Amino acid sequence: MMRIRLYGDPVLRQKAKKVEVIDEHLDEILEDMIETMYLGDGVGLAAPQVGLSLRMFVMDYGEGPVKVINPLILEKSEETAVEEEGCLSLPEIFEDVERSVWIKAKFQNEKGEWIERGFRDYPARVFQHEYDHLDGILFIDRISPAKRALLKPKLLGLIKMAKKGSRV
Ligand code: ZN
């Protein structure tokens, strides 16, 4: 299992770099990320959350694991929906987030092949949440400042834990 970086860890705020080499080694990392995601009871995990500033993530919205490398969101619906989200880097925090209902995305799989496909509803939400991580954006950035202010004590607690973690 890989160590999950918590809110306050600077890697979560970096803009991740494009994956240049897609090989067996990279696939091993993605497999480790899938294992870590399942152990954490998550539906998605982005590379920056395990300390790797790379544009890739894994997700499982109920149809088995999907590996997503160098994703691009080509189109997103004007229509939005509000649903509760959580994040392995922000344990015990759940907030309503507004997202596009559907997206059209393009990404590479573990073989380096480009895949273009649409996602709708829950899968689209998971994809957008994980994609945000690659740009250093967290779901709490997408809630109202008033709600974020209420989270401050919890966030300060996580920052302390993140600092402790970095010393291990
Ligand atoms: Zn997350």
Query - Test: E78 is assigned to a helix (DSSP H, G or I), at pLDDT 95 or above and either more than 16 Å from the ligand (Cβ to nearest atom) or under 15 Å from R125 (Cα atoms) (or both) - result: no
Query raised in the report: Mind checking whether some residue in region 134-157 is more than 16 Å from the ligand (Cβ to nearest atom) and assigned to a strand (DSSP E or B)?
Result: no
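How many residues does region 23-62 contain that are of a type in the set (F, W, Y) and over 12 Å from the mean Cα position of the chain (by Cα)?
2
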Requested in this report: Working only within region 91-133, note down all residues that are among the hydroxyl-bearing types (S, T, Y) and part of a helix (DSSP H, G or I).
Outcome: Y122, Y131
Requested in this report: State the number of residues belonging to region 112-123 that are more than 16 Å from the ligand (Cβ to nearest atom) and either in contact (Cβ under 8 Å) with a residue 24 or more places away in the chain or among the β-branched types (V, I, T) (or both).
Outcome: 4
Query raised in the report: Just for region 34-49: of the residues that are within 12 Å of the ligand (Cβ to nearest atom) and touching an Asp or Glu at 6+ places or on another chain (Cβ under 8 Å), which one is nearest to V21 (Cα to Cα)?
Result: A46
Report summary line: Of those in region 69-94 that are among the β-branched types (V, I, T) and surrounded by 16 or more Cβ atoms within 10 Å (Cβ to Cβ), the residue farthest from L30 (Cα to Cα) is I93
Query - Matching residues, region 53-63, being within 14 Å of the ligand (Cβ to nearest atom) and surrounded by fewer than 19 Cβ atoms within 10 Å (Cβ to Cβ) - result: D60, Y61
Report task. With respect to V168, determine if the residue is modelled with pLDDT under 95, of a type in the set (V, I, T), farther than 15 Å from R55 by Cα and loosely packed, with under 12 Cβ neighbours inside 10 Å. Result -> yes
**Report entry** Boolean, M33 is under 23 Å from K164 (Cα atoms), free of Cβ contacts under 8 Å to residues at least 40 places away in the same chain and surrounded by 20 or more Cβ atoms within 10 Å (Cβ to Cβ)
**Finding:** yes
Query raised in the report: Across region 81-92, what is the number of residues that are within 16 Å of the ligand (Cβ to nearest atom) and at pLDDT 95 or above?
Result: 8
**Report entry** Single match in V126, V66, V97 (criterion: closer than 23 Å to E28 by Cα, of a type in the set (V, I, T), without any contact (Cβ under 8 Å) to a residue 60 or more places away in the chain and within 16 Å of the ligand (Cβ to nearest atom))
**Finding:** V66
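The values are calculated or read from the model by the stated rules, or taken from the named source; none is laboratory data. What you are looking at is a predicted structure, and each value in this text was computed from that prediction instead of being measured. Heads up, the Cβs are rebuilt from the backbone with ideal geometry, glycines too, and the neighbour counts pull from every protein chain shown.
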